[in-house]
Amino acid sequence: MRKQQFKFALSITFLLAMYASCSDSAMSTVKPPSGVISIEEAKLLDKTYTDTRQRVLEKSLGTEESRSSWWSLEDIEAYIAYAKSQAKEKGMNVEGLRIYQGAYPTNYGVSKLAGAATLFIVPTGTSSEKEGTILINLAPVQGGSDLQIAPLNMGHARTPPASNY
């Protein structure tokens, strides 16, 4: 009887410990990184863009201008892994991502994209190669220089929302 009580108590203790470890990680709050803004501020930035730039661009171009690009988390995570792998092969460190605005030429081979705006992502960083004992730092500025790694585009390939943020 005592042996069964001990096993029962041990089982309950094990289950409680498992529950506590699962609920702690599931219940813990992740702190936002620096640069996170409120939804209200995002709406203000979007409205200001619309009021000061969107209409000017559309009037000048004579066409509706793209407002956003979208990538899946899987695409972004895969691109970051790819960029880190390529950087390592080239003796570089990826320290960040820079997002550029771009536009396809009006004579672009894919008529659906010709003249359209896009965004593309370029990894940034510095050299990790050492020369003697001095670390070569190509760009001591925050985030480093654009690395010579193929950028990520094609965020335009998915239909962006029709409305503003």
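For this structure, a couple of remarks:
- The ranking of E77, E95 from fewest to most other beta carbons within 10 Å of each one's beta carbon is E77, E95.
- Here the scattering of segment 61-119 is modelled by Debye summation over its C-alpha atoms, one equal scatterer each and no solvent; at q = 0.12, 0.23 Å⁻¹ the log10 of I(q)/I(0) is -0.45, -0.95.
- Three-way shape label, segment 22-85, alpha-carbon gyration tensor, a/c 1.5: oblate
Just so you know, all these numbers are worked out from the coordinates, no wet-lab data involved. Quick caveat, the model's predicted, so the values are computed rather than measured. In this analysis, Cβ positions are derived from the backbone assuming ideal geometry, glycine residues included, and neighbour counts consider all displayed protein chains.
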